[in-house]
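A short worksheet on the structure shown next.
The values are calculated or read from the model by the stated rules, or taken from the named source; none is laboratory data. As the structure is a computational prediction, the values presented were derived from the model and not from experiment. No Cβ is skipped: glycine too gets one built from the backbone with ideal geometry, and neighbour counts run over all protein chains shown. SASA here: full protein model, heavy atoms, side chains in, ligands and nucleic acids out. Shrake-Rupley method; radii C 1.70, N 1.55, O 1.52, S 1.80 Å.
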Amino acid sequence: MYCSSQFFLSLGVITFLYYLYECLKSPLQLLYYQWLEIQGKAIPLTEKFGKWAAITGSTDGIGKAYARELAHKGFNIVLVARNEEKLKETADDIAKEFGVEVYTIKADFSHGPAIYDKLFQDLAKKPIRLLVNNVGIGHNPPGITPSFTAEHLWDVIYVNLGAATQLSRHFVDLWLKQGISGCVVNISSMLEGQPAPYGAVYGATKAYLRSFTTALQHEVQSFGITIQLLSPGAVATKINSYSAWCLKGNLLVPTAEVYAKWAVNTLGKCDQSTGYIWHAVHLATMKWLPTFLRIEMVKMLVKAVTDDTTNIYEASIRKQYGQL
């Protein structure tokens, strides 16, 4: 009986220590990578991934800040976005400030499969070995799934799922044929970890992206190709414009520039990260909670920070459907 009790006690301690390691690993890694950068001990990223990086959704928010941070580290930049005016403005700013080459590609991922032949031809004009799949669409404002049009939901599917899937496949295939190394960064969300009421389709696309990216890592890691999953929490960008509280920013909701500085430091060093120290702390805290409590927390948080709650509260939804 004593031996049996000792066995289960030891098993419990080992399980707890492993769970604690899983929760604390990301925050500690982020602090270490930041220290390496400050000390000037990090290997230059251009030595690992060549001189050209492509970023989708690169004229706003995280994508734009990420492109600027890569340019600061010596990369020539390929900007991919749908707004030609913003593309030119962003390209001019980056080229002038950082003295790098900038190439622009106009592409609207919400148009689905029809855009990819032309897009791949344009991307082939530069020797890209670092791809950042950042482009994404959210629900603005949040609400129950029937409150969104079918067109909007197709846009979310085409942009959030289609772009990362097709571009990841294309570049991994290209690098394998060329026998060279490369890196794909897929930017997901902390919402990937549980269902996300009032943002159900957006959250589901991020759960897909986590599963797809993790599987792809295992498929190609032996070929010297790096696949990274970034899972940020809220960032003060246009995708969160439904919330004045989010746009103000705070410790847990950094600006895109602050987020990008932390996130780029994880490149080539870890396969998965939130990309930002306080998001990592937040996620570590959330991991202690069972899924049903995390879902309830998402519901409470969305209600608390959303400016227009017309499609969230039961009474207003019933009124819209003539049930009151």
Boolean, Asp308 is within 30 Å of His72 (Cβ to Cβ), surrounded by fewer than 16 Cβ atoms within 10 Å (Cβ to Cβ) and either among the charged types (D, E, K, R) or touching a residue at least 60 places away in the same chain (Cβ under 8 Å) (or both): no
Near pairs, Cβ below 7 angstrom, 6+ apart or cross-chain, from region 217-240 (touching a residue at least 60 places away in the same chain (Cβ under 8 Å)) to any residue that is of a type in the set (D, E, K, R): Thr237/Asp60; Lys238/Asp60
Region 93-118: number of residues that are without any contact (Cβ under 8 Å) to a residue 40 or more places away in the chain, assigned to a helix (DSSP H, G or I) and open to solvent by 80 Å² or more (accessible area, probe 1.4 Å): 5
Which listed residue, of Tyr242, Tyr198, is assigned to a loop (DSSP other than H, G, I, E, B), under 22 Å from Phe109 (Cβ atoms), of a type outside the set (D, E, K, R) and modelled with pLDDT of 95 or more: Tyr242
Odd one out for Ala53 among (1) closer than 23 Å to Trp175 by Cα; (2) within 21 Å of the chain's Cα centre (by Cα); (3) in a loop (DSSP other than H, G, I, E, B): (3)
Residue among Leu153, Leu174, Leu130 that alone is assigned to a helix (DSSP H, G or I), of a type in the set (A, V, I, L, M) and within 30 Å of Leu283 (Cβ to Cβ): Leu153
Test: residue in region 294-305 that is assigned to a loop (DSSP other than H, G, I, E, B) and open to solvent by less than 30 Å² (accessible area, probe 1.4 Å): no
Count - residues of region 95-114 that are aliphatic (A, V, I, L, M) and within 22 Å of the chain's Cα centre (by Cα): 2
Looking only at region 234-273, and only at residues there that are closer than 14 Å to Asn134 by Cα and out of contact with any Phe, Trp or Tyr (no Cβ under 6 Å at 6 or more places or on another chain), the one that is surrounded by the fewest Cβ atoms within 10 Å (Cβ to Cβ): Lys238
Checking Leu216 against (1) of a type in the set (A, V, I, L, M, F, W, C); (2) within 28 Å of Gly143 (Cα to Cα); (3) touching a Ser or Thr at 6+ places or on another chain (Cβ under 7 Å), the condition it does not meet: (2)
Residues of region 156-194 satisfying the condition of being more than 30 Å from Val253 (Cα to Cα) and among the hydrophobic types (A, V, I, L, M, F, W, C): Phe171, Val172, Leu174, Trp175, Leu176, Ile180
Restricting region 35-64 to residues that are open to solvent by less than 20 Å² (accessible area, probe 1.4 Å) and among the β-branched types (Val, Ile, Thr), the residue that is farthest from Gly275 (Cα to Cα): Thr59
Verdict on Gly138 being touching a residue at least 40 places away in the same chain (Cβ under 8 Å), open to solvent by less than 30 Å² (accessible area, probe 1.4 Å), over 18 Å from Ile187 (Cβ atoms) and of a type outside the set (Val, Ile, Thr): no
Residue under evaluation Ser168, criteria (1) part of a helix (DSSP H, G or I); (2) within 20 Å of Trp52 (Cβ to Cβ); (3) open to solvent by 30 Å² or more (accessible area, probe 1.4 Å); (4) polar (S, T, N, Q), criterion not met: (3)
